[in-house]
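Below you'll find the structure, written out as structure tokens, and then a few comments.
The values are calculated or read from the model by the stated rules, or taken from the named source; none is laboratory data. Given the structure is predicted, the values throughout are model-derived calculations rather than measurements. Glycine gets a Cβ as well: all are built from the backbone with ideal geometry, and neighbour counts include every protein chain shown. Ligands, DNA and RNA are excluded from the accessible area calculation, which covers all protein heavy atoms including side chains. Shrake-Rupley method; radii C 1.70, N 1.55, O 1.52, S 1.80 Å.
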Amino acid sequence: MKSDAPGLWRHPGFLKLWAAQAISGFGARIAREGLPMTAVLLLRAPPAAMGALAAVGLGAYALGGLFAGRLADRLPGRALLIAADLGRMAVTIAIPAAALLHVLTLAGLAAALALMSVLTVIFDVADHAFLPRLVTRAQLVDGNAKLATTDSLAEVGGPAIAGGLFQLLSAPIAIAPCALTYLASALFLATLPAPRPGDDPPPPPEPPRPGRAGGLRIVLAHPLVRPIWLMALAGDFFGWFFGALYLLYALDVLRLSPTMLGLTIAAGGVGALIGASAAPWVNRRLGAGPSIVVSGLAMGVASFLTPLAGGAPALAMALLVAAQLCGDALRTVMQIGQTSLRQAVLPLADLGRAAGAFATGQGLAGVAGALVGGALGSWLGPRETLFLAAAGLCAAPLIGLASPLWRARDA
């Protein structure tokens, strides 16, 4: 794929979509860290409860993916994006309100997380299907890289701001500013023009089908998309060992303060920013498929730095920062390659359902990973469980290595 950066810089529709995602990304990061921090610091949730809480959010994300894909293929994408933003705004107002009224419980936090997850999967799936209708195929890698760049900036600023807010205020109260970011994002999206057909040549006619295939059939039928889906499932299963235990590991085992933790997570945003900048170059140098496999394998190796952390909090933080920098850079390269390849090789009419299949599969894998990771964390200990997770992340890219994906140089 050939990048067309100047074209995107002069593309008003893309710039508005980019601005909306950049603004809401900061709020999303504060909320993402704020909900589990509330469970740990305010509600004193143990490891198993943290795993269960993560599983609730992932389960809701997976269930939402079952219908989000069909919604994205049938309804106007802009309307879905705006509705998801306004819904998340309402949730981020309700959580601190419940805390101020002293009625916030772990069950209530889980319910809010579930609703937030459903709205997020609707936004993610609609966004995935909307971008290829807004830009040409030749601009997909560059467009996804630009979106990932501001997502990375939010990863840098959001957790760092969140850590400071949670140090000064209680975690639920610090979530309140997220509502303004979602509102601003919705206002930007409301000004988006209706997508116009791109200037790509029309694809060859497809054979008639008796009906619209489900997302899973679409994904499994394509020789390049299928291994990406399987890699994503394996990666999310082991990745959510980290998702369930990372905050607990950093706060209780390594004794990092909330501010240190926020700065550590922000380092991942710096790594993701580097990865977003490097992704188009890596894609051109290695090819579409190999860039996904190689970056995924390297990310798994880098993840071992997290369970190796120890000693004084400052020393432990240094290793966690290194893991965040390297791991998030490599993960971003892999994810931009995966997303761009899917958008390039699948028909526009199938993108929403395919994205829904990814969301559902990854969500279910994440549920299993969070539950297993939380249980293993209580049994073996957080550090030992994270070593197992790192080994699993190294094994996931082998799926792509043994598939046609490894030989796919040009999407």
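General remarks:
- For Leu254, no residue whose modelled amide H falls within less than 5 Å of its own remains once neighbours fewer than 5 places apart on the same chain are excluded.
- Backbone N within segment 376-399 under 13 Å of label point (7 Å from Leu315 Cα along the Cβ vector): none
- For the chain, the solvent-accessible area with a 1.4 angstrom probe is 40 square angstrom per residue.
- Leu75 versus Val301: modelled label distance in nm, points set 7 Å from Cα along the beta carbon direction: 4.5
- Springs join every pair of Cα atoms under 10 Å in this Gaussian network model of the chain, and among Ala83, Ala148, Ala267 the largest mean-square fluctuation is at Ala83.
- In sequence order, calculated HN-Hα J values of segment 263-270 (Karplus, 6.51, -1.76, 1.60; Hz; x Gly/Pro): 5, 5, 5, 4, 4, x, x, 4
- Solvent-accessible surface ranking, highest first, for Tyr246, Tyr61, Tyr182 at 1.4 angstrom: Tyr61, Tyr246, Tyr182
- Surface/4 estimate of mean projected area, convex hull on alpha-carbon atoms of the chain, nm²: 18.1
- From the C-alpha gyration tensor of segment 90-144, square roots of 5λ in Å: 37, 10, 7
- When a 1.4 Å probe is rolled over the protein heavy atoms, the share of accessible surface on the chain that falls to carbon and sulfur comes to 71 percent.
- Full extension of the chain segment joining Trp281 with Ala395 gains 38.5 nm, where the gain is 0.36 nm per residue of separation less the Cα-Cα distance.
- Computed from the C-beta positions of Ala97 and Ser257 and an R0 of 30 Å, the FRET efficiency is 0.65 to the nearest 0.05.
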